[in-house]
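A short write-up of the structure that comes next.
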Amino acid sequence: LANTDFSGVDWSGTVLRLMPLWLPSLLCLWGLIYVLHALGYGIIMNWRSKNVTFSQLLRVTISGFALNHVTPCGLVGGKIVALMEKKADEFEGIDQDMEDFYARHGAFWLTTLTEYAARLLEALEFWLIFLALDLNVPFIYCVVALSCASLVGNLFAFIPMQIGTREMGLALAMSWVG
């Protein structure tokens, strides 16, 4: 990936001509990714027993992702802000929710499966972008690149809005996979 030559990409012809096909495809892909994340969060919180509709859960999921991308601590910002507003008795409620989650044995594995599927779809987005640019990049390289980007982003969570950290992770991964 690091040695990928973008000079051969026909930016004004092929890329722009296929944009009406690729852009809606990527938006649909991200819609599915948000649905999977919302489903995972719903399983964790046992949403059906708490009188929460799936559309409410989906709205909160999308809002949470948006908040995490604009807060000073980047991908953990929304969580830090939420935790700072909690009181001690609310932490006890969270602790009880976690106990209930682990008591539902299949919930952990189902949540893990939905998160894994969402991550693979995120790598698929990256791969589809390369295809749109007429660049032949193996899918596994996209998985590795996005995994490194996520790892580096989490390691440097203290950098305001994680400016450049995910890009650094992508560049690092691209140099490894060649």
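The values are calculated or read from the model by the stated rules, or taken from the named source; none is laboratory data. Here the structure is a predicted model, which is why all the values come from computation and not from measurement. Positions of Cβ are backbone-derived with ideal geometry, glycine not excepted, and every protein chain shown enters the neighbour counts. Note: areas computed on protein heavy atoms with side chains; ligands, DNA, RNA excluded. Shrake-Rupley method; radii C 1.70, N 1.55, O 1.52, S 1.80 Å.
Numbers at a glance
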read-out	value
Heavy atoms of residue 105: accessible area, 1.4 Å probe, square angstrom to 10	150 Å²
Inter-site label distance for residue 134 and residue 19 at 7 Å from Cα along Cβ, in nm	1.7 nm
Projected label distance in nm at residue 155 and residue 32, using a 7 Å step from Cα toward the beta-carbon	3.2 nm
Exposure ranking of 125, 99, 92 by accessible area [1.4 Å probe, largest first]	92, 99, 125
Gain on full stretching of the segment that runs from residue 55 to residue 95 - 0.36 nm per residue minus C-alpha separation	11.8 nm
Most to least accessible of 97, 134 (protein chains only, probe 1.4 Å)	134, 97
Solvent-accessible surface (1.4 angstrom probe) belonging to residue 151, in square angstrom, nearest 10	100 Å²
Estimated dipole of segment 93-164 in Debye, rounded to 20 [Cβ of Lys and Arg +1, of Asp and Glu -1, Cα centre]	240 debye
